[in-house]
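Scroll down for the structure; my scribbles are underneath it.
The values are calculated or read from the model by the stated rules, or taken from the named source; none is laboratory data. Not measured: the values here are computed from a predicted model. Remember, those area values only see protein heavy atoms, side chains included, never the ligands or the DNA or RNA. Shrake-Rupley method; radii C 1.70, N 1.55, O 1.52, S 1.80 Å.
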Amino acid sequence: MITTLLVVVIVLAIAFDYINGFHDAANSIATIVSTKVLTPFVAVLWAALFNFVAYFVFTDHKVANTIAKTVIDEYITLEVIFAGLVAAISWNLFTWYYGIPSSSSHTLIGGFAGSGMAYALFLGANPIDAINLGATLKILSFIVLAPVIGMTIAIIVTLIIINICKKTRPSVAERWFKFLQLVSSAGLSFAHGGNDAQKVMGIIATALIAQGVIGNFEEMPEWVPLSCYVAIAAGTMSGGWKIVKTMGTKITKVTPLEGVSAETAGAVTLGITEHFGIPASTTHTITGAIIGVGVVKRVSAVRWGVTISLLWAWILTIPVSAILGGLTLAIIHYIL
């Protein structure tokens, strides 16, 4: 049955997807803007286009299914989903305002899990019982694995390119890499759209199941993925310039060659995680890749002080979002 709260939850979920787009726009365009291959305005249009193109390719929705299974069914209500979304939106806006490239994926997971645990507590159950530990541990492991994989692939790709092009004139090489960066940026935007739009699809599908509108995840109506891809593309077009500056210039200085390497590494890593249905963070992945291309030059080329600050944001995102989700549900519980 369609209720007012269900409509509110769907609207909030799509709003989060839009915020995810402009919060994470930096992931797709930071290097291509910092190398001046594209202007900021053209870059966000380019990224938004490939965010949406992913709709036609990523049709298995494995990542969405993993998100939907984060909280055990008996502890999912519309109020739980609503509280989780409020928490995720709050943390995303906070980190966006201060230019912190935190993970939109992890704040959504943290908020949803935190509100589910709070609901279990209100029922007198063990809060841990509300969490699907298998799905959650898989997600948590990629807080570490995604940036490490991204960094490793970026180092390998950079070394291969350097060896192939060592006899090429610098002016010719730079012209080629500026063109190739269009391709690698498109690939990263495509992978980002395919991975991140699915996370909100999982939340909306969960709400529809909880309300009895559909019987299971496989019955998710087509308007759900379509609206999610449109929302994330629209959000990307709005940009997130404070985070672009952090990602594109503060971690390490990026050349077109390094931009190609970092974006290619990010796209490959996200493609792998999507294949296995793992909701990895695009932010973590591309940050690791940018560090990788910096390390190839020399370890001191990476501004480790900035990197450590980002690491703290990564560590705090899930627990802070979980606390916010639990507190929001508590407020709803005591008001209603």
(Q) For region 1-60, take every pair of Cα atoms, bin their distances at 5 Å starting from 0, and report each bin as a whole percent. (A) 4, 16, 18, 18, 16, 12, 8, 5, 3, 1, 0
Q. From the backbone phi of region 284-292, what are the Karplus-calculated ³J(HN,Hα) couplings (6.51 cos²θ - 1.76 cosθ + 1.60, θ = phi - 60°) in whole Hz, Gly and Pro given as x?
A. 4, 5, 6, 5, x, 5, 5, 4, x
Q: Mind pulling the angle between the C-alpha long axis of helix 170-210 and the longest principal axis of the chain? Nearest 10 degrees, somewhere in 0 to 90.
A: 0 degrees
Q) So what is the calculated 222 nm ellipticity per residue for the chain, using -39500 (n - 2.57) for each DSSP H run with n of 4 or more, over all residues, to the nearest 500 deg cm²/dmol? A) -26000 deg cm²/dmol
Q | 1.4 Å probe accessible area per residue over the chain, in Å² | A | 41 Å²
Q. If you take the alpha carbon radius of gyration of the chain and divide it by 2.2 N^0.38 Å, what ratio comes out, to two decimals?
A. 0.98
Q: Could you tell me whether region 111-198 comes out rounded, prolate or oblate from its Cα gyration tensor? Rule is a ≥ b ≥ c as square roots of the eigenvalues, rounded for a/c under 1.5, then prolate if a/b exceeds b/c, otherwise oblate.
A: prolate
Q: Using a 1.4 Å probe and counting only protein heavy atoms, arrange Met151, Met201 so the residue with the most accessible area comes first.
A: Met151, Met201
**Q.** Amide hydrogen neighbours beyond the local backbone of Val71, cut-off 5 Å, H modeled
**A.** Asn132
Q: Could you please state how large a percent of the accessible area of region 62-152 is carbon and sulfur, counting protein chains only and using a 1.4 Å probe?
A: 69 percent
Q.
Using Cα springs under 10 Å in a Gaussian network model of the chain, which residue among Ile139, Ile162, Ile291 shows the largest mean-square fluctuation?
A. Ile162
Q.
If I histogram all Cα-Cα distances within region 1-118 using bins 5 Å wide from 0, what percent of pairs lands in each bin?
A. 2, 10, 17, 19, 20, 15, 9, 5, 2, 1, 0
Q.
Under 10 Å, Cα contacts only: if you run a Gaussian network model on the chain, which one of Asp24, Asp73, Asp196 comes out with the highest mean-square fluctuation?
A. Asp73
(Q) Quick check for the chain: number of Lys pairs with alpha-carbon distance under 20 Å, counting only pairs 8 or more apart or on different chains? (A) 22
